[in-house]
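Every number in this text was worked out from the coordinates using simple rules, so none of it is lab data. Please read these numbers as outputs of a predicted model, since none were measured by experiment. Here Cβ is always computed from backbone atoms with ideal geometry, including for glycine, and neighbour counts include all displayed protein chains.
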Amino acid sequence: KAGVTQTPRYLIKTRGQQVTLSCSPISGHRSVSWYQQTPGQGLQFLFEYFSETQRNKGNFPGRFSGRQFSNSRSEMNVSTLELGDSALYLCASSKSPNYEQYFGPGTRLTVT
Amino acid sequence: EDQVTQSPEALRLQEGESSSLNCSYTVSGLRGLFWYRQDPGKGPEFLFTLYSAGEEKEKERLKATLTKKESFLHITAPKPEDSATYLCAVQGAFGSGSEKLVFGKGTKLTVNP
């Protein structure tokens, strides 16, 4: 069974630009969560989607947004990038919010 | 506010030297405590879920235990390939407002041959 896939794997953007990251969950999984991982703050929850609806949202500014499609694939968008947005962005999928989450390899975003 | 504290931050062991990692937590009604392993440059890999105090789970050289306030990840006779960062996360009960996964900052384990 294929795991969670994330594209692109690496991305370099300039401050002020916007970026869209994509996540394809494990087949049959309907819940997708996004996390930001930095050396200083560790893994921080961004948002969770289930059946195309946002269930939970972390403490991030409105520049961070996401959506989920009918095939459970998800995207997250960051607008007006700041240097502090440089991080590893991880997507995780689960059968539903009741089940353990399986992570993808992440997208390494560097903002210059 | 839900909190997860892992200790130690880093641990160096000799191959075969058993030890334990600690995860202390506060959460509004624990639904589950999760252990993950993360290798450099990769996403976390799921290891265990524990749901109630007294529960134990094992996988190869790893054994996870849970009390009402903390969890331990016991590593028996570790090998160099066990070197990784081990992450602990908690999820609160549905409807408690603490449903999102809250992660600790991890314990970086190095096992020397």
> Taking a label point 7 Å from the Cα of A:N71 along the Cα→Cβ vector, which residues of the range A:1-22 have an amide N closer than 20 Å to it?
Replying inline: A:1-9, A:20-22
> Can you give the Rg and Dmax of the range B:73-113 based on its C-alpha atoms, in angstrom?
Replying inline: 14.7, 47
> What does the charge add up to near A:S51, with Lys and Arg as +1, Asp and Glu as -1, over the other residues with Cβ less than 14 Å from its Cβ?
Replying inline: +3
> One-quarter of the Cα convex hull surface for the range A:1-50, in nm²?
Replying inline: 4.7
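Calculate the mean, over all residues of peptide B:40-47, of how many other protein chain Cβ atoms lie within 10 angstrom of the residue's Cβ. Could the numbers behind the result be given before it?
Working: counts 0, 5, 6, 14, 10, 3, 6, 1.
Partner Cβ neighbours, averaged per residue: 6.
Sorting B:E9, B:E55 on the 10 Å Cβ count, fewest up front, what's the list? Each step should come with its number before you reach the end.
On the way: B:E9 10, B:E55 15.
Neighbour counts put them in this order, fewest first: B:E9, B:E55.
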> So how do A:H29, B:H74 line up by other beta-carbon neighbours within 10 Å, fewest first?
Replying inline: B:H74, A:H29
>> Explain nothing, just the number: relative contact order of the range B:1-46, from Cα pairs under 8 Å at least 6 residues apart, as a whole percent.
In response: 36
> Among A:Y10, B:Y86, what is the fewest-to-most ranking by other Cβ atoms within 10 Å?
Replying inline: A:Y10, B:Y86
> Where is the GNM fluctuation largest for chain B (alpha-carbon springs, 10 angstrom cutoff): B:G16, B:G41, B:G54?
Replying inline: B:G41
> Any idea what Rg and Dmax come out to for chain B if you just take the C-alpha atoms, in Å?
Replying inline: 13.7, 47
>> Starting from a Cα-only point model with no solvent, please compute log10 I(q)/I(0) by Debye for the protein assembly as shown at q = 0.12, 0.16 1/Å.
In response: -0.65, -1.12
> Just B:A84, B:A53, B:A64 to compare: in a GNM of chain B, with alpha carbon springs under 10 Å, which one fluctuates most?
Replying inline: B:A53
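Report the relative contact order of the range B:10-113, percent, no decimals, based on alpha-carbon pairs under 8 angstrom and at least 6 residues apart.
Working: 243 pairs, mean separation 38.7, N = 104.
Relative contact order, the range B:10-113: 37 percent.
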> lysines near A:K1 by alpha-carbon distance under 20 Å, same-chain residues fewer than 8 away left out - which ones?
Replying inline: A:K95, B:K42
> Where does the charge balance sit around A:H29 when Lys and Arg score +1, Asp and Glu -1, over other residues with C-beta under 15 Å from its C-beta?
Replying inline: +2
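Which semi-axes, in whole Å and largest first, does the equivalent ellipsoid of chain A have when worked out from the alpha carbon gyration tensor as the square roots of 5 times its eigenvalues? Working shown, then result.
Values: eigenvalues 102, 38, 33 Å².
Each semi-axis is the square root of five times an eigenvalue, giving 23, 14, 13 Å.
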> Any idea how far the Cα center of the range A:77-112 sits from the one of the range A:45-75, in Å?
Replying inline: 11
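Around B:G32, what is the net charge, scoring Lys/Arg as +1 and Asp/Glu as -1 over all other residues with Cβ under 11 Å from its Cβ? Please report the intermediate quantities before stating the final value.
Numbers: positive: B:R31; negative: A:E100, B:E55, B:E99.
Local charge sum for B:G32: -2.
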